[in-house]
Amino acid sequence: MENKKTCLHDKHVEAGALMQPFGGFDMPIQYTSIIDEHNAVRQHCGVFDVSHMGEITVTGNDAEKYVSHIFTNDIKDATVGKVYYGMMLYEDGGVVDDLLVYKMGENNFFLVINAANIDKDAKWINDNAKGYDVEITNRSDYYGQLAVQGPEAEDVMREVLGQECSDLTFYTAKTVMIDGVETIISRTGYTGEDGFEIYSNHEYIRKAWDELMKSGRCKPCGLGCRDTLRFEAGLPLYGNELSDKITPVMAGLSMFCKLDKPEFIGKEAIAKQKAEGIKLKVAGIELHDKAVPRHGYTVTCNGKEIGKVTTGYQSISTQKSVCMALIDAECAKLGNQVEVQIRKKSYPGTIVKKAFYQKHYKK
């Protein structure tokens, strides 16, 4: 099956981006280098095409009740403009997807889901809506999306795109009219830096991209540095640190599963795991050497295999060789000594916190 293309595909090709398949789309991996683009976001401003992400709206009399049923976080009586991170779970606690839920109005919610999961998520959301007075619309083909990220992002939004965003705090959103088109701007991101997401029709996203590129104020960034940035900040990637087999408790994300809610799909399984403990846990590991741990490499402790690396890099921001790994929970205590098998050699490491880089968000 041919990969899909975002509304900016031709612009990436014209700019000489390295294009590769990701989540069913042909996406830019890098333009100049992952290191240059990574540092641009950490130090100044970078722009990502994230139009491959999926968007689903849930409206109707039971919209809040239904979203609360399928979503682990607590959205009850949320103020309009609030954004929440959380998960949709199977009954056994496995993760359907992690996502953002925007409250756009009374009984009006905007769900942002991962590109590779769009079809699966849409089916699961519809399948679980029986008995609820809701209208569910998959708007993934309508919306394009830009992520403007970095310490200079607010200035770039104002000075280049004419959008004043100082009124937005972290994880809030607003709707603005631009050229007669309803556009959503949120102060969110996936980099560990301050930044904004822009959701609009394809025409405006193309126009905004052109304005941003012509300004010289920001660098185009590919998915390569998007991964290094999110990884350094300890943010999970579905399929690596979360999956249908890796629950929020195992991933260290149970704070986004509100067990004081009356109910949500998978609540009982999460409550049981928290009460009884888990066998596997996602942990951070810092190697004592410059060798680079990669996805799938074996982790051992005292000569015994205890798990596998989920994501690993030599951190661009810290220059340390670090990784996240799904390992035996009993070995995941901070300070424990482990080894990572890289090719035919074993490299010692220490269990550390998964956030390898301090986040810089607008409070």
Completion exercise
Filtering the range 75-91 down to residues that are farther than 18 Å from residue 184 by Cα and either assigned to a strand (DSSP E or B) or open to solvent by 60 Å² or more (accessible area, probe 1.4 Å) (or both) yields 76, 77, 86, 87, 88, 89, 90, 91
Problem - Entirely in the range 252-355, the strands (runs of 3 or more DSSP E) that have 1 or more residues that are of a type outside the set (A, V, I, L, M, F, W, C), under 23 Å from the mean Cα position of the chain (by Cα) and closer than 30 Å to residue 91 by Cα - result: 280-287, 304-314
Problem - Residue satisfying all of: in the range 1-42; open to solvent by 60 Å² or more (accessible area, probe 1.4 Å) and of a type in the set (S, T, N, Q); nearest to residue 153 (Cα to Cα) among these - result: 32
Practice task
Return yes or no: is residue 55 at pLDDT 95 or above, closer than 26 Å to residue 101 by Cβ and outside any strand (DSSP E or B)?
Solution key: no
Problem - Qualifying residues in the range 205-222 (those that are surrounded by fewer than 21 Cβ atoms within 10 Å (Cβ to Cβ) and in a loop (DSSP other than H, G, I, E, B)) - the one farthest from the chain's Cα centre (by Cα) - result: 216
Practice task
Answer yes or no as to whether residue 52 is over 19 Å from the mean Cα position of the chain (by Cα) and touching a residue at least 12 places away in the same chain (Cβ under 8 Å).
Solution key: no
Practice task
Might you check whether a residue that is more than 20 Å from residue 22 (Cβ to Cβ) and part of a loop (DSSP other than H, G, I, E, B) occurs anywhere in the range 195-204?
Solution key: yes
Practice task
Filter the range 43-72 for residues that are surrounded by 20 or more Cβ atoms within 10 Å (Cβ to Cβ) and either in contact with a Gly (Cβ under 7 Å, 6 or more places away or on another chain) or among the polar types (S, T, N, Q) (or both) and give the result.
Solution key: 45, 46, 51, 52, 68, 71, 72
Fill in the blank from the handout: Subset of the range 169-185, residues assigned to a loop (DSSP other than H, G, I, E, B), among the hydroxyl-bearing types (Ser, Thr, Tyr) and on the phi < 0 side of the Ramachandran plot, comes to 169
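The values are calculated or read from the model by the stated rules, or taken from the named source; none is laboratory data. Since we're looking at a predicted model, the values are computed, not measured. In this analysis, Cβ positions are derived from the backbone assuming ideal geometry, glycine residues included, and neighbour counts consider all displayed protein chains. Remember, those area values only see protein heavy atoms, side chains included, never the ligands or the DNA or RNA. Shrake-Rupley method; radii C 1.70, N 1.55, O 1.52, S 1.80 Å.
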